[in-house]
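Working notes, beginning with the structure itself.
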């Protein structure tokens with residue numbers, strides 16, 4: 001167990017919070033990648049590039065979240081089964097929506113992640129007295145808000 005200034009019970013709780021956030025990030029990354037590969041229609045290239053930019057941002061965040069879990073002194077989950085177990089987002093195997101549905105689904109998922117992050121920020125700061133993790137999660141929430149806002153601009 002890594003040494004930090006937090007009590008073990010707080011580190012464990014924060015580790016669980018971060019694991020759920022990591023799982024949702026991986027699920028959202030995978031869905032964004034799927035949509036990048038399968039988008040078609042009049043705005044194909046624009047959306048293809050937009051989704052690529054978004055999954056690259058998620059990929060960076062995934063690595064940072066995983067490292068944060070390790071910094072707390074815990075092993076980071078790394079299998080799809082674990083991500084589906086710990087995450088709150090869902091997949092849609094075998095479904096290939098149209099452009100607007102892709103955008104809507106990604107927007108909704110980012111909004112769910114933002115809501116999760118807001119709760120996690122409060123829990124880390126107020127319950128577990130870990131301003132560093134709350135700050136880290138605040139940065140993640142800002143990234144998701146920007147992506148969500150961008151997607152929302154495409155919705156009618």
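The values are calculated or read from the model by the stated rules, or taken from the named source; none is laboratory data. Source: prediction; values computed, not measured. For neighbour counting, all protein chains shown are included, and Cβ atoms are generated from backbone atoms with ideal geometry for every residue, glycine included.
Looking at the stretch 31-41, which of the residues that are surrounded by fewer than 17 Cβ atoms within 10 Å (Cβ to Cβ) and out of contact with any helix residue (DSSP H, G or I) (no Cβ under 6 Å at 6 or more places or on another chain) is farthest from residue 110 (Cα to Cα)? Outline the logic, then answer.
First pass over the stretch 31-41, keeping only residues surrounded by fewer than 17 Cβ atoms within 10 Å (Cβ to Cβ): 37-38, 40-41.
Now restrict to residues that are out of contact with any helix residue (DSSP H, G or I) (no Cβ under 6 Å at 6 or more places or on another chain): 37-38, 40.
Details: 37: 19, 38: 19, 40: 22 Å.
Going through the qualifying residues, I end up with 40.
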Being more than 20 Å from residue 39 (Cβ to Cβ) and loosely packed, with under 13 Cβ neighbours inside 10 Å is the requirement here; does residue 111 meet it? no
Selection count, the stretch 114-128, where residues are surrounded by 13 or more Cβ atoms within 10 Å (Cβ to Cβ) and either within 17 Å of residue 9 (Cβ to Cβ) or in contact with a strand residue (DSSP E or B) (Cβ under 8 Å, 6 or more places away or on another chain) (or both): 5
Failed criterion for residue 90 (all others in (1) within 23 Å of residue 145 (Cβ to Cβ); (2) more than 11 Å from the chain's Cα centre (by Cα); (3) assigned to a helix (DSSP H, G or I) hold): (3)
Of the listed residues (151, 89, 155), the one being touching a helix residue (DSSP H, G or I) at 6+ places or on another chain (Cβ under 7 Å) and touching a residue at least 60 places away in the same chain (Cβ under 8 Å) is 89
Pair list, Cβ < 6 Å and 6+ apart or interchain, from the stretch 37-59 residues that are assigned to a loop (DSSP other than H, G, I, E, B) to residues that are modelled with pLDDT of 95 or more: 39/47; 39/48; 41/99
Given the conditions (1) over 14 Å from the mean Cα position of the chain (by Cα); (2) more than 20 Å from residue 124 (Cβ to Cβ); (3) crowded, with 16+ Cβ neighbours inside 10 Å, report the number of the one that residue 53 does not fulfil. (3)
Checking residue 75 against (1) part of a helix (DSSP H, G or I); (2) under 23 Å from residue 8 (Cα atoms), only one condition comes out false. Which one? (1)
